[in-house]
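Below: one structure, written as structure tokens.
Bear in mind that the values in this text are calculations on the coordinates, not laboratory data. These figures come from a predicted structure and were not determined experimentally. Cβ placement follows ideal geometry from the backbone for every residue including glycine, while neighbour counts extend to all protein chains displayed.
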2 protein chains.
Amino acid sequence: MKQTLAVGIDIGGTNTAFGIVDRRGNILEQGSISTKGHKDIDGYIKAIYDALKPLMDSVIGRILGIGVGAPNGNFYKGTIEFAPNLPWKGIIPLGEKLKEKFQLPVQVTNDANAAAEGEMAFGAAKGMKNFIMITLGTGLGSGIVINGNLVYGHDGFAGELGHVIVEKNGRLCGCGRKGCLETYVSATGIVRTVNELLSARSEESILRNIPVENLNSKDITIAAAKGDKLAQEAVDFTTTILGQSLANYIAFSAPEAFILFGGLARAGDLILEPTKRHMEENVLQIWQNKVDIVGSDLNEDDAAILGASALVWEIPAIN
Amino acid sequence: MKQTLAVGIDIGGTNTAFGIVDRRGNILEQGSISTKGHKDIDGYIKAIYDALKPLMDSVIGRILGIGVGAPNGNFYKGTIEFAPNLPWKGIIPLGEKLKEKFQLPVQVTNDANAAAEGEMAFGAAKGMKNFIMITLGTGLGSGIVINGNLVYGHDGFAGELGHVIVEKNGRLCGCGRKGCLETYVSATGIVRTVNELLSARSEESILRNIPVENLNSKDITIAAAKGDKLAQEAVDFTTTILGQSLANYIAFSAPEAFILFGGLARAGDLILEPTKRHMEENVLQIWQNKVDIVGSDLNEDDAAILGASALVWEIPAIN
């Protein structure tokens, strides 16, 4: 008998990527379409169908279901709800529409939860039952795994650690409140920190040569690795807040490890080592030297598709 | 057939209370012994046995197991580990010793987790699958329930929300770190707040008539209820920090409700109403007006025994 397969769809603000994945995490086929520019949600669904169906036909009869990772995706309802960076407003019954079009079971979750599923099935969290996934991109996303299951809470939206308030009256967040973790710890957050340092100080820095509007987190970690003091200060400031936050999250769910993913995490030990140090400085004694911080070991381009596909194996009818 | 029963044992620093409980939460028999003054742990176990066995003989053959709530109790291992307020040092294999003595299955957990089990089985959390129990006593204990299960994490110690750091370089905590939630929000914490206010201010307050060494949290809530401004300020300060913290915990596990238990919670709306208000001021928009804060509705004297007994119904061999 041929091995069974799952489709993973990753919906981003700009692109939608999809792939056909086997149970060991090999991507057999993949493609993408633009998320934007469709007449409405039905036009978008049709565009996915038109691009994905030919790939599926090559493995006809072997696909068991479709998993979707999307911003503000709700696992319980299969909806996307009020996603600020997607073209469709309000509550979109995405799961239902895909199910109708493809005549396959569909599971939807948010992108960070999909990432956690992917790490658990194929990546750095293989074999772990209790871990917390942290994705560092434009914002900070999180997926919390307890006893081998993603935490969805009462309403399906649990695990928004980017919106834990870490600084009273701190930086204004996109959510309208102040001092959220993601305003400090994210690709955007570290750029804000550097911009603050650059305007408050007159010291030399490689980063002064980059036009403010172009400065990104990679420039900062590269400069820090080269010994740029101001960049190093920004890294230390960022990892201090992240380490303190992780120490607090341990008191909640006592995970075995944190898995870090995304641009900042790709800087490796430059970020992981000080984060670990600041976490250890702040954690309750019973957890000292017990909790790891590791970088994702999935290929960044594939991770979102793998994570979304892993959702299929969670569909009750399939197990 | 006669209804089956469970024994609940609540180990406190001073007293150990126990009872025989039916599945509906009726305590059929109960008693207590001193926790202190025994030669060693075996002497203590023998004292429990001598006091409890006669009660058990009256319902012979109907008792399925023993549940124990104890400070620093570890659910996975059945141990009590390094409990600062108990007479025995190091790691105590309490579950094993009780099992051997009574020849019954035994389940051990910490006191706050037992309280959460009790609320779920018999109290304010009946029918809830996602809630967080907060016990306000000398410290702040917590039991986190997700999908109907207590969260124990990788090592059995999850759910130490009293030791989330809420104030950098804040008040010194018994754990050796600074700024833990329980240094502000607990019976002890609110007394510390009042003492700070009394020495910083010269304004009149009923609380000045109480000798500092006798002042307790009940005096403070009574004074606040009578309109004492300084006491009211202490209540507002305490409930602000608690409300902000609960708002952050919602971002973690999206519970349906928080259940508050213990001396401070007994003050009812005086504490619950401002805590709820401060929580709503700080919570992410998607959770506004979605999460309840309720006081425990179990009798305080019985709650610990009920909670411990409820553990028995979690023993796999019994279900």
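Structure notes:
- With label points defined 7 Å past Cα in the direction of Cβ, position A:PHE82 shows copy-to-copy spacings of 4.3 nm, given to one decimal and shortest first.
- For A:GLU29, label point 7 Å along C-beta direction: distances to other copies, nm: 7.0
- Calculated mean residue ellipticity at 222 nm for chain B: -11500 deg cm²/dmol, from DSSP H runs with n ≥ 4 weighted as -39500 (n - 2.57), summed, divided by the residue count and rounded to 500.
- Across all Cα pairs in chain A, the calculated P(r) in 20 Å bins from zero up to the longest distance comes to 32, 55, 13, 0 percent per bin.
- Rounded FRET efficiency, nearest 0.05, which uses the C-beta distance separating B:SER199 from B:ALA225 and R0 of 22 Å: 0.40
- Kirkwood radius for the stretch A:72-136, taken over all pairs of different Cα atoms as the inverse mean of 1/r, rounds to 13.2 Å.
- In the stretch B:1-131, Cα pairs under 8 Å separated by at least six residues give a relative contact order of 23 percent.
- When Rg and the Kirkwood Rh are both derived from Cα coordinates, the Rg/Rh ratio for the stretch A:63-202 amounts to 1.04.
- With contacts taken as Cα pairs under 8 Å at a separation of at least 6 residues, chain B carries a relative contact order of 20 percent.
- Zero-based 5 Å bins, Cα pair distances in the stretch A:1-57, whole percents: 4, 19, 28, 22, 14, 7, 4, 1, 0
- Here the simple spin-label model places points 7 Å from the Cα toward Cβ, and for B:ASN209 and A:LYS126 these points are separated by 7.2 nm.
- If R0 is 22 Å, the Cβ-Cβ spacing of A:ASN289 and A:ARG192 corresponds to a FRET efficiency of close to 0.10.
- Once Rg and the Kirkwood radius are both taken over the C-alpha atoms of the stretch A:15-130, their ratio Rg/Rh works out to 0.96.
- Mean projected area of the convex hull spanned by the Cα atoms of the stretch A:128-297, taken over all viewing directions: 10.4 nm².
- Distance from the stretch A:1-68 to the stretch B:157-192 (C-alpha centre basis), Å: 49 Å
- For the stretch A:128-297, the residue among A:ASN282, A:THR240, A:GLY159 whose Cα projects farthest onto the positive side of the dipole built from Cβ charges is A:GLY159.
- Take every pair of alpha-carbon atoms less than 8 Å apart whose residues are at least six positions apart; their mean separation over the length of the stretch A:171-319 yields a relative contact order of 20 percent.
- In the protein assembly as shown, inverting the average of 1/r over every pair of distinct C-alpha atoms gives 26.5 Å as the Kirkwood radius.
- Inter-copy label distances at A:GLU196, using a point 7 Å along Cα-to-Cβ, come to 2.3 nm with the shortest given first.
- Using the Cβ-Cβ distance between B:SER34 and B:ASN169 with R0 set to 45 Å, the FRET efficiency from 1/(1 + (r/R0)^6) comes to roughly 0.70.
- Just so you know, the Cα atoms of the stretch A:150-250 work out to an Rg and Dmax of 15.3, 51 Å.
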